[in-house]
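A quick write-up on the structure given underneath.
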Amino acid sequence: MKKIFLFSLLAGICCSAFANGNERLVVSSAEFDRLGVELTYPQRVSQVQIASGPAEVVIPPAQEAIVGATVSGVLSRLLVADGDSVTAGQAMAEIQSPAILTLQREYVDALTVEELAQVQLRRDRGLHEDGIISERRLQETTAATRATTVALDQRRQQLRLAGMSERQVERLAEAQQLSSMLTLRAPFDAIVTAQLSALGAHVDTLEPVYRVADVTRLWLEVHVPQERVGRVDAGMRVAVSIRGQEIQATVTHVGQVVDTVSQTVLIRAVIDNTESLLRAGQFLSARILALAADEGAVFSVPNSAVVRNVDRSIVFVRTAGGFAVHAIEILADDGLLTYVNSDIDESSEVALGGVAALKSIWFEAQAEGD
């Protein structure tokens, strides 16, 4: 009985629709209520979601560093631990090293030799001016002095490579007091991401002690289904939500290889993390957004309001006598909302409920029109 009633109702509306052309449906107020039609308003948007996927927070390789032993020795003190913040030049560990004593002694010896060579050079220059020694003797003394200067600079560079600062080398030259203690220092402002050696351990030259990273700027690596990646370009925005706050990154790289297992493509975006909202290794849901200005006037409507036909997609817009059929261009669909170009605006009343009944009316009116 209900099916007969609904068929009669639709038949009456269809006749009205056909009489007025198949792009308008004449629906009375009573029929509107019986069809269960609900209305909503389109929302104009500034950004359009064109893709989404899981994202991992990654530290860029250029922002990581290893703090390692510059000479062999024993780790006598560890001054920081995993997760600690360090500033550039901050002491992180101390090494007791016989090797640094050897380097310091060789530098002091080279300094003494160079000073004596300079004294000898000044003496020979005076003797040459008085005609006591030959030009050849002065040239030999000059060459020998240059060799000692080069050797001294080599010893100084070895101390710098071993981890001594320029000021420490200057103090060594002034006081000539040797020390077996070497301090490892942070190369830049960073977070300690790993402690790689234990207190009391013997470490060889270049053996890692800490890993540090600058996390003020991070990467989001988003895995996007390959059928969606065609519309993603560098410069687009990537939005993620963390602690109830939405933050955005900028796409810098669109991958050229499809993962054979997941059939996704890697999208990389750079994100500011000066507020420390993100942590490396964290997984988030990401949305890739395009500026709506690039697409013209863009509106969002609930997915249930959209009718997708073979050759076009439409929405039903309320008019004084019923509904008008408005063609739309679908730009994106995020699962809840559809983003469209159309001649509708924020004041248009779009059918949200009862769309199936209106679609049946429209299809039947089209069939009768044909």
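The values are calculated or read from the model by the stated rules, or taken from the named source; none is laboratory data. Owing to the predicted nature of the structure, the values given are computational and were not obtained by experimental measurement. No Cβ is skipped: glycine too gets one built from the backbone with ideal geometry, and neighbour counts run over all protein chains shown.
Quick rundown of the values:
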quantity	calculated
Contacts under 6 angstrom Cβ, first residue in region 202-226 being free of Cβ contacts under 8 Å to residues at least 60 places away in the same chain, partner of a type in the set (Val, Ile, Thr) and not in a strand (DSSP E or B), 6 or more apart	Thr216/Thr274
Elements of type strands (runs of 3 or more DSSP E) contained in region 234-348, each with 2 or more residues being more than 30 Å from Ala213 (Cα to Cα)	283-291, 299-302, 313-319, 322-333, 337-341
Scan of region 144-161 for residues that are over 15 Å from Val119 (Cα atoms) and without any contact (Cβ under 8 Å) to a residue 24 or more places away in the chain, ordered by number	Val150, Asp153, Gln157, Arg160
Count - residues of region 198-220 that are buried (at least 18 other Cβ atoms within 10 Å of the Cβ) and of a type outside the set (A, V, I, L, M)	4
Residue pairs meeting the criteria (Cβ under 9 Å; at least 6 apart or on separate chains; first under 16 Å from Ala151 (Cα atoms), in region 106-135; second among the acidic types (Asp, Glu))	Ala110/Asp153
Check on Ser179, touching a residue at least 24 places away in the same chain (Cβ under 8 Å) and either closer than 24 Å to Gly73 by Cα or outside the structural domain of Gly281 (by TED's automatic domain parsing) (or both)	yes
Residues satisfying the stated conditions in region 8-59, i.e. crowded, with 17+ Cβ neighbours inside 10 Å, modelled with pLDDT of 50 or more and of a type in the set (Ser, Thr, Tyr)	Ser52
Residues located in region 54-79, provided they are of a type outside the set (Gly, Ala, Ser), closer than 16 Å to Gly163 by Cβ and part of a loop (DSSP other than H, G, I, E, B)	Thr70, Val71, Leu79
Test: residue in region 95-109 that is small (Gly, Ala, Ser), closer than 25 Å to Gln177 by Cα and at pLDDT 95 or above	no
Which numbered condition Thr87 misses (of (1) without any contact (Cβ under 8 Å) to a residue 24 or more places away in the chain; (2) assigned by TED's automatic domain parsing to the domain that holds Ala201)	(1)
Qualifying positions in region 253-279 - closer than 15 Å to Leu289 by Cα, touching a residue at least 24 places away in the same chain (Cβ under 8 Å) and either among the hydrophobic types (A, V, I, L, M, F, W, C) or in contact with a Lys or Arg (Cβ under 9 Å, 6 or more places away or on another chain) (or both)	Val254, Ile267, Ala269, Val270, Ile271
Complete set of residues in region 253-305 that are of a type in the set (Val, Ile, Thr), farther than 14 Å from Glu221 by Cβ and surrounded by 19 or more Cβ atoms within 10 Å (Cβ to Cβ)	Val298, Val301
